[in-house]
Amino acid sequence: MRYWEVPFGKEKPKTPIGEIHILKERCKGCGFCVEYCPKDVLEMSDEFNSKGYHPPKIVNEENCVNCGLCEMICPEFSIWCTLKEEVALEN
Amino acid sequence: MQKIPQKIIHNKYLRHRKKFPHVWCPGCSNGIVLGAVIRAVAELEWKRSDITMVSGIGCSSRMPVYVDFNTLHTLHGRAIAFATGVKLFKPELKVIVVTGDGDATAIGGNHFIHAARRNIDLTVILLNNYIYGMTGGQYSPTTPIGDRTTTTPYGNIDPAFDICELALGAGAAFVARTTAYHATEAQTFIKKALVHKGFSLVEIICACPIIYGRMNKKGDAPAMMKSMKENILSIKAYEKLTEEQKEGKIKRGIFREVIKPEYTEEYDKLVKSLQASIGEVDNDRT
Ligand SMILES: Cc1ncc(C[n+]2csc(CCOP(=O)(O)OP(=O)(O)O)c2C)c(N)n1
Ligand code: SF4
Ligand code: SF4
Ligand code: SF4
């Protein structure tokens, strides 16, 4: 029997899944969010906003863990993340 | 325009309907520092009306324009002088001064050292980008030797100020340095500085990719952030280096955190004791 699996009757740890919101009009295309996302969720797009900058686009939405690094490093307050759901860790 | 939910903490404290997008260039660190200030205030759960943010003139000094606190956007170099007035008039307000390297150490140098010496309860957040950003890139007292600016086109020969050493020498009670790359650390230091009773300085090394970066071929904004990560080391990591390796590296961390008699409190005590003694005199007369 593997008692250690449920230490002190604690629930299994869960992974958060985040939902990303981008305010494209406010972005200035600096690329920090793409550079610092640990899960490679974002990529710079070819699209222009009305000021002529390239905002980022979401390429791997399912990988986002709601860590908030993109939100913290964005100098324009144009990207933020909210918690969508929490799923149990596999195995 | 997309809707911005109120529950996002940044938006609770920003004048985002009127003033955004802000004027700072793409990749400028000033926005990151603004985020750190806001998160620090949100963690402390201070009310917006309890805080006054004061600044002078410069790119960094535009910060009060964007926040929904009591704000004062004053003369170049005089932010600390105005802040001293606010603090003495209403000591219960939390006064934050946002200033640049030129604003605080060139034209406003005397205000800076004397506020530190008097230990007046202000939190000074100094955004050091090594240059006068707003006026097109003149050298400042923190520009490193050899760097090119519009006023030093052949390379700067003036030795630079170490702002934290300057504040320590002037007797500041709380002195810390961090960078815009270390955004969480900046948030923690700002929070500590805000609750510290007395003069507190947080120097934040910032990237000005558009003017300083271009003139000195420092690469794009992410490259400048990377060089901050590599060259600005924690006190512990810095002390481990040999003298040769220390060349070109800067240390970051909290250099001093002490409690000393605070100016507005001392002033208040003096006023009260004088009033009491005058009261006694009046009583004698009647
Ligand atoms: C009395 C006065 N002198 C000069 C100026 C011009 N001026 C405006 S901003 C500035 C320099 C700002 O540099 P810094 O404080 O380093 O801020 P940064 O723009 O780099 O963030 C100068 C010299 C002024 N506005 N007022
Ligand atoms: S919250 Fe974290 S994982 Fe999700 S996009 Fe932002 S940086 Fe990437
Ligand atoms: S960090 Fe912000 S401003 Fe920079 S590219 Fe990402 S969303 Fe745009
Ligand atoms: S000139 Fe430099 S400091 Fe000023 S907004 Fe542009 S990048 Fe920032």
Note to self: Between helix B:263-285 and chain B, what is the angle of the helix's C-alpha long axis to the longest principal axis, kept within 0 to 90° and rounded to the nearest 10?
What the structure shows: 10
Margin query: With a cap of 15 neighbouring Cβ atoms within 10 Å, and only residues DSSP puts in a loop, list the chymotrypsin sites (Phe, Trp or Tyr not before Pro) found in region B:109-164.
Written below: B:154
Notebook entry, point to check: Cross-link partners among lysines for residue B:246, C-alpha distance below 23 Å, same-chain residues fewer than 8 apart left out?
Noted result: B:217, B:218, B:226, B:229, B:236
Next item on the list: Take peptide B:23-34, look around each residue's Cβ out to 10 angstrom, count Cβ atoms belonging to other protein chains, and average those counts.
Entry: 4
Notebook entry, point to check: Going from most exposed to least, what order do A:19, A:86 have by accessible area with a 1.4 Å probe?
Noted result: A:86, A:19
Next item on the list: Before rounding to the nearest 500, sum -39500 (n - 2.57) across all DSSP H runs of length at least 4 in chain B and divide by the residue total; then give [θ] at 222 nm in deg cm²/dmol.
Entry: -11000 deg cm²/dmol
Margin query: Please report the accessible area of residue B:184 (heavy atoms, 1.4 Å probe, ligands and nucleic acids excluded) in Å², nearest 10.
Written below: 80
Checklist line | Within a Gaussian network of chain B (alpha carbon springs, distance under 10 Å), most fluctuating of B:57, B:250, B:38 | finding: B:250
Note to self: Could you compute the net charge surrounding residue A:47? Neighbours are other residues with a C-beta less than 11 Å from the C-beta of residue A:47; K and R count +1, D and E count -1.
What the structure shows: +1
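Just need the Rg to Rh number for region B:94-199, please, alpha carbons only, Kirkwood Rh.
Over the Cα atoms of region B:94-199, Rg/Rh equals 0.99.
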Note to self: Within region B:183-204, name every residue whose backbone N is under 16 Å away from a label modeled 7 Å from Cα of residue B:266 along the Cβ vector.
What the structure shows: B:197-200
Item checked: GNM result for chain B, Cα springs below 10 Å: residue of B:266, B:243, B:185 fluctuating most strongly -> B:243
Notebook entry, point to check: For the protein assembly as shown, what is one quarter of the convex hull surface built on the Cα atoms, given in nm²?
Noted result: 26.9
Item checked: Cα pair distances exceeding 19 angstrom across region A:20-88, given as percent -> 26
Margin query: Rolling a 1.4 Å sphere over the protein heavy atoms, what is the accessible area per residue of region A:20-88, to the nearest Å²?
Written below: 48
Notebook entry, point to check: By its C-alpha gyration tensor, with a ≥ b ≥ c as the square roots of the eigenvalues, how is region B:6-261 shaped: rounded for a/c under 1.5, else prolate for a/b larger than b/c, else oblate?
Noted result: rounded
Note to self: Please list 3J(HN,Hα) in residue order for region B:61-70, calculated via the Karplus relation 6.51 cos²θ - 1.76 cosθ + 1.60 where θ = phi - 60°; whole Hz, with x for glycine and proline.
What the structure shows: 6, 7, 3, x, 4, 9, 9, 9, 9, 6
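The values are calculated or read from the model by the stated rules, or taken from the named source; none is laboratory data. Keep in mind it's a predicted model, so treat the numbers as computed, not measured. Every residue, glycine among them, receives a Cβ derived from its backbone with ideal geometry; neighbour counts consider all protein chains shown. Just so you know, the surface numbers come from the protein's heavy atoms only, side chains and all, with ligands and any DNA or RNA stripped out. Shrake-Rupley method; radii C 1.70, N 1.55, O 1.52, S 1.80 Å.
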